[in-house]
1. Sorting LYS104, LYS34, LYS51, LYS238 by accessible area (1.4 Å probe), largest first, what list results?
2. If you place +1 on the Cβ of every Lys and Arg and -1 on the Cβ of every Asp and Glu, how big does the dipole about the Cα centre of the chain come out, in debye to the nearest 20?
3. Please compute the per residue accessible area over the chain with all protein chains in place, 1.4 Å probe, rounded to a whole number of Å².
4. Return the single residue from TRP280, TRP181, TRP222 with maximal mean-square fluctuation; model: Gaussian network over the chain, springs between Cα atoms under 10 Å.
5. Would you work out which of PHE209, THR186, CYS225 lies farthest towards the positive end of the dipole of segment 164-227, given +1 charges on the beta-carbon of Lys and Arg and -1 on that of Asp and Glu, about the Cα centre?
6. Choose one of ILE143, ALA97, ALA157: the residue whose Cα lies farthest towards the positive end of the charge dipole of segment 78-170 (beta-carbon charges +1 Lys, Arg; -1 Asp, Glu; about the Cα centre).
7. So how tilted is helix 88-97 from the main axis of the chain? Cα-based, degrees 0 to 90, rounded to 10.
8. Ignoring ligands, DNA and RNA, what percent of the 1.4 Å accessible area of the chain is carbon and sulfur?
Amino acid sequence: MLKTHFAWMMLILISSTAPRIHAEETQRDAEPAKPVPLNKQKTVLLNRADKQIIVKTKVVLREGMLEMLLCKKQTKEHESILSVDADAYVIHSGLLALGAEAGKTVRYENEKFYPPTGEKLDIFAIWTDENDKIHRVNVKTWIRRAIYRFYVADLEALPKGVTLLKTSELRYDAKIKELYWYGPMTEEQRDEFLKMSDDKTFQAAIRRFFKESQPRQMDADWVFCGSGFYVVPDGPDKGKRIYQAESGDFICVANFATAMIDVGVESSASGSGNLLYEAWTERIPPKDTIVTLEIIPQGKSKKK
């Protein structure tokens, strides 16, 4: 009789607590996992819930030609919008943890260009302005094709009757038979030059100068090309493998064989006829602003 009573008491106890226990477990499962710091500085975090890497950076440059969006602290701040106190391999490892696949860096073989490859990435910037307003933008909006540069067109000779003032940004070099222009051209300037001559070649050059010198946001994709390693040839560290992106080449806009993340098109800091990028100053927050980057793989990691 006593055993039967005990059994009934246990059954009542289990029945009354089971729903509560189940509810607590369900609630814990429903709670999103918090981002996990991947380095001691806590500047790189793995956010599995949203399938992204979070990088805490600082604005170090707002104008001028660019070679990268993000560099390592105290490396290449003179040509990068942002810098971060972190090692490159930490970000690389975080992307691998999300299932992102590294590709190959830029290469030239037999004078042929092979662009960087790898999983495409979306990169967003988040910051708070002086009025405590939070902003979140695609970082491509901070970068534009360079407009403060020379534009060149072949021209056998200046059309008859065309005379260019020495103070004009439109110049002609009779020795190398080239017409060239520097910087952005206004509509008024374009129309003034077009009135000078009906010559088709001259007019085509003016129209191209105007079109190419207008601000155009960067539209190339970011790709996780993965940098590479080199082996120290001599000295006390002989034989040591070094991850090449540790030189500072974290997120590049000019192709580097050492880049961890690059643009998937031909882009050169030398300006040898390829794409050039510069900071879109008006869109970038003030220097020293703390900016959080969200790096999100587009492909297989999202499907997983």
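The values are calculated or read from the model by the stated rules, or taken from the named source; none is laboratory data. Fair warning: this is a prediction, and the values are worked out from it, not measured in the lab. Counting neighbours? That spans all protein chains shown, and the Cβs are built from the backbone with ideal geometry, glycine included. In case anyone asks, the SASA skips ligands and DNA or RNA and just uses the protein heavy atoms, side chains included. Shrake-Rupley method; radii C 1.70, N 1.55, O 1.52, S 1.80 Å.
1. Solvent-accessible surface, decreasing: LYS34, LYS238, LYS104, LYS51.
2. Its charge dipole is roughly 780 debye.
3. 59 Å²
4. TRP181
5. Value computed over the given set: PHE209.
6. Towards the positive end, the residue furthest out is ALA157.
7. Between helix and principal axis, roughly 60 degrees.
8. In the chain, the share of accessible area belonging to carbon and sulfur is 53 percent.
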